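Undergrad: Please find one structure pasted underneath; my questions will follow.
The values are calculated or read from the model by the stated rules, or taken from the named source; none is laboratory data. Just so we're clear, the structure is a prediction, and the values are computed from it rather than from any experiment. Methodologically, a virtual Cβ is constructed for each residue, glycine included, from the backbone with ideal geometry; neighbour enumeration extends over all protein chains shown. Only protein heavy atoms, including side chains, enter the accessible area calculation; ligands, DNA and RNA are left aside. Shrake-Rupley method; radii C 1.70, N 1.55, O 1.52, S 1.80 Å.
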Amino acid sequence: MSDNAESSLESRLTKEQLEDMNKFIQKPVNSKLFVEKISNNHPSEWRKAEILWAREVNDSKFEYYVHYVEFNKRLDEWVPMDRLDFTRGIEFPKPDTKKKKQLGVGSTASTAVDDDDLAEQVVLGAEDEDGESTVVEQDNSAEPTFSKDQEIEKLRTSGSMTQCVSEIARVKNLNKIQMGQFEVESWYFSPYPQEYAYCDTLYICEFCMLYYASAKQLERHRRQCQLQHPPGNEIYRHQDISFFEIDGRKQRLWCRNLCLLSKLFLDHKTLYYDVDPFMFYCMTQRDSYGCHLIGYFSKEKESSENYNVACILTLPQYQRHGFGKLLIGFSYLLSKTEGRTGSPEKPLSDLGLLSYRAYWQDTIVDYLLAASADVTIDDIALHTSITTQDILHTLQNIGALKYYRGQHIICLGDKVIEQWERSKAKRKRTIEPDKLDWKPLSASQLRFY
């Protein structure tokens, strides 16, 4: 905020409002006030927001990381002081009479608040039924100290993704990324190196996934970069869509950079730097310039829980075009080729859960309507590679499980069939099994992976 703007603001505030503003500047975290929310396609509006963090930028100016009340956490953002409205009053956090314990401070952003003043609460990515972020009290005596070695060990023994409260609670450190022809706003925190934390835009090479702080650096890199597709084997090609299989052990740097990118849009999972136990399956769209990344899913080479997907993401610039269902369909095609059923690793993100439910419903109804004889749950699982638990959950959601004459039967209602017909009419792309050129790794091969 400039000196003229600051003096103009002070002239419009009452004495009591000025006192509140000065008190806010001293301790802004967990305070609530109205903030100007700017949207691309709509006029700006004033919304109540909670201050989650503060950091000093140039010339002793501060930015505030805000969470808009009753809005999704992915809309949290950094705002300058001139977007805060001090005329409508400020809700300060209630004083806690309990003895506070300090919460570890992330190293990615400096703050205007002393460590002693940090509140003993962290905001998690999960949301309650009203859409508000869940707030949990942090007790350092109950939670062990975070250790990367311990987290990596969990990757090898209990699955690909692990949760650490202190990691999930971090604020978003990047505003947007430039990737190919798209400029995309980031949603969540991603542990890029600290020197990139204050970049307004992070420039990412869409082929090799290396990242730069300026457009000139990326332009210089692109003149030298020889990669035009993900560094793996092309195992599927149909029309302009290709899938590439990348081994995390053979392409560590590329896969780590892919994980950093995906973390900008996934809040509920944290992937650390041990990518060796995973295979990455990347969906791309081909044109004369190369194969452009649309999305990907990772998969454990050996999953003790029988998961066929560890992490899945369609990049925001390609969402709402049916690519999410293609990714999911391809993961089940691999499971069919392996001759087993599979399920995604839990928990799923909100958008991921919606995509999987839609895929399960369409696939199961497809099979039921095409069946000429009576079918069982096991028959559906055999032909779709969806686990019986996911099948039962889907049938219950659409009200297709009925109890008739002492036994459960599957009965599709008219509304379910109408919804399936509308969904089928919208399908632009489908996975063609005969276009797959891939064989699963044998037990002897896995020893060398």
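Undergrad: With viscosity set to 1.567 mPa s and temperature to 4 °C, compute the Stokes-Einstein D of segment 5-85, Rh being the Kirkwood radius across alpha carbon pairs; µm²/s, no decimals. Provide the component values of the computation, followed by the final result.
TA: Working: Rh = 13.4 Å.
The Stokes-Einstein estimate is 96 µm²/s.
Undergrad: Would you work out which of Asn72, Leu33, Leu13 lies farthest towards the positive end of the dipole of segment 5-85, given +1 charges on the beta-carbon of Lys and Arg and -1 on that of Asp and Glu, about the Cα centre?
TA: Asn72
Undergrad: In segment 272-380, which GluC sites (Glu not before Pro) fall in coil by DSSP and have 15 or fewer other Cβ atoms within 10 Å?
TA: Glu302, Glu305
Undergrad: Segment 19-71 to segment 205-261: how many Å between their Cα centroids?
TA: Using only Cα atoms, the two centres lie 37 Å from each other.
Undergrad: Given axes a ≥ b ≥ c from the Cα gyration tensor, I'd like to know whether segment 361-449 is rounded (a/c under 1.5), prolate (a/b larger than b/c) or oblate. The partial results should precede the final answer.
TA: On the way: a/c = 2.75, a/b = 1.57, b/c = 1.76.
Oblate.
Undergrad: Then there's this: What nm value, rounded to one decimal, do you get for the distance between Asp276 and His408 when each label is placed 7 Å out toward the C-beta?
TA: Between Asp276 and His408, the simple spin-label model gives 4.3 nm.
Undergrad: Extension gain Gln317-Gln389, at 0.36 nm per residue separation less the Cα-Cα distance, in nm?
TA: On the way: separation 72, 0.36 × 72 = 25.92 nm, distance 3.25 nm.
Computed gain between Gln317 and Gln389 is 22.7 nm.
Undergrad: Could you give the length gained on full extension between Glu185 and Leu354, defined as 0.36 nm per residue of separation minus the Cα-Cα distance, in nm?
TA: Taking Glu185 through Leu354 to full extension adds about 58.7 nm, to one decimal.
Undergrad: If you don't mind, there's one more thing I want to ask. Which percent of the accessible heavy-atom area of segment 228-448 goes to carbon and sulfur, probe 1.4 angstrom?
TA: Using a 1.4 Å probe with all protein chains present, segment 228-448 comes out at 49 percent carbon and sulfur.
Undergrad: Can you tell me the accessible area per residue over segment 228-448, all protein chains present, probe 1.4 angstrom, in square angstrom? Mind dumping the intermediate values first?
TA: Numbers: 11040 Å² over 221 residues.
Accessible area per residue: 50 Å².
Undergrad: Taking the Cβ-Cβ separation of Val57 and Leu210 as r and a Förster radius of 25 Å, what is the calculated FRET efficiency to the nearest 0.05? Spell out each step's value before the answer.
TA: On the way: r = 26 Å, r/R0 = 1.05.
For Val57 and Leu210, the calculated efficiency is 0.40.
Undergrad: What distance in nm separates the simple spin-label points at Arg249 and Ser288, each placed 7 Å from Cα in the Cβ direction?
TA: So the two model labels end up 4.2 nm from each other.
Undergrad: Here's something else I'd like to know. With θ set to phi - 60° and the Karplus curve 6.51 cos²θ - 1.76 cosθ + 1.60, what are the ³J(HN,Hα) couplings of segment 43-55 in order, to the nearest whole Hz, using x for Gly and Pro?
TA: Running phi through 6.51 cos²θ - 1.76 cosθ + 1.60 with θ = phi - 60° gives x, 5, 9, 9, 10, 6, 9, 9, 7, 9, 7, 9, 9 Hz.
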